[in-house]
Amino acid sequence: MPKKNSRDNNPLNPYVKYSGMTAQMVFIIAGGSFGAYKLDKWIDVTFPFLTIIISLVSVFLAIWLFIREFNKTNGK
């Protein structure tokens with residue numbers, strides 16, 4: 001039987017893993033929203049349609065990446 005690595009037994013590993021995934025979600029959503037806001041200001045539109053669309057896309061992208069990483073780490 002293979003010997004388990006000492007890192008596998010560390011009780012903080014799930015917290016570190018999921019906090020990293022959460023930080024990734026925050027950066028994707030904040031970056032997409034901020035970039036879209038700046039793009040709307042640069043285009044000088046009256047209705048912030050790019051901010052709404054790109055913000056929603058970044059939320060769905062962040063959720064999709066989180067679910068994909070969660071399934072990969074849980075062996076599914």
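FYI, it's all coordinate maths here, none of it is from the lab. Because the structure is predicted, anything quoted here is derived from the model rather than measured. We place every Cβ from the backbone using ideal geometry, glycine too, and count neighbours over all the protein chains shown.
Details
- Per-bin percent of Cα-Cα distances, the chain [10 Å]: 18, 33, 23, 15, 8, 3, 0
- Dipole magnitude of the chain, debye to nearest 20 (Cβ charges: Lys/Arg +1, Asp/Glu -1, about Cα centre): 520 debye
- Other residues with beta-carbon under 13 Å from the beta-carbon of Phe34 carry, at +1 per Lys or Arg and -1 per Asp or Glu, a net charge of +1.
- Of the residues Met21, Thr73, Leu39, the one whose Cα sits farthest toward the positive end of the charge dipole of the chain, with +1 on the Cβ of Lys and Arg and -1 on the Cβ of Asp and Glu, is Thr73.
- Crossing angle, helix 13-43 versus the chain [Cα axis fit, 0-90 degrees, rounded to tens]: 10 degrees
- For the chain: relative contact order, % (alpha-carbon pairs under 8 angstrom, 6 or more apart): 31 percent
- Degrees separating the helix 49-73 axis from the principal Cα axis of the chain, which is the longest one: 10 degrees
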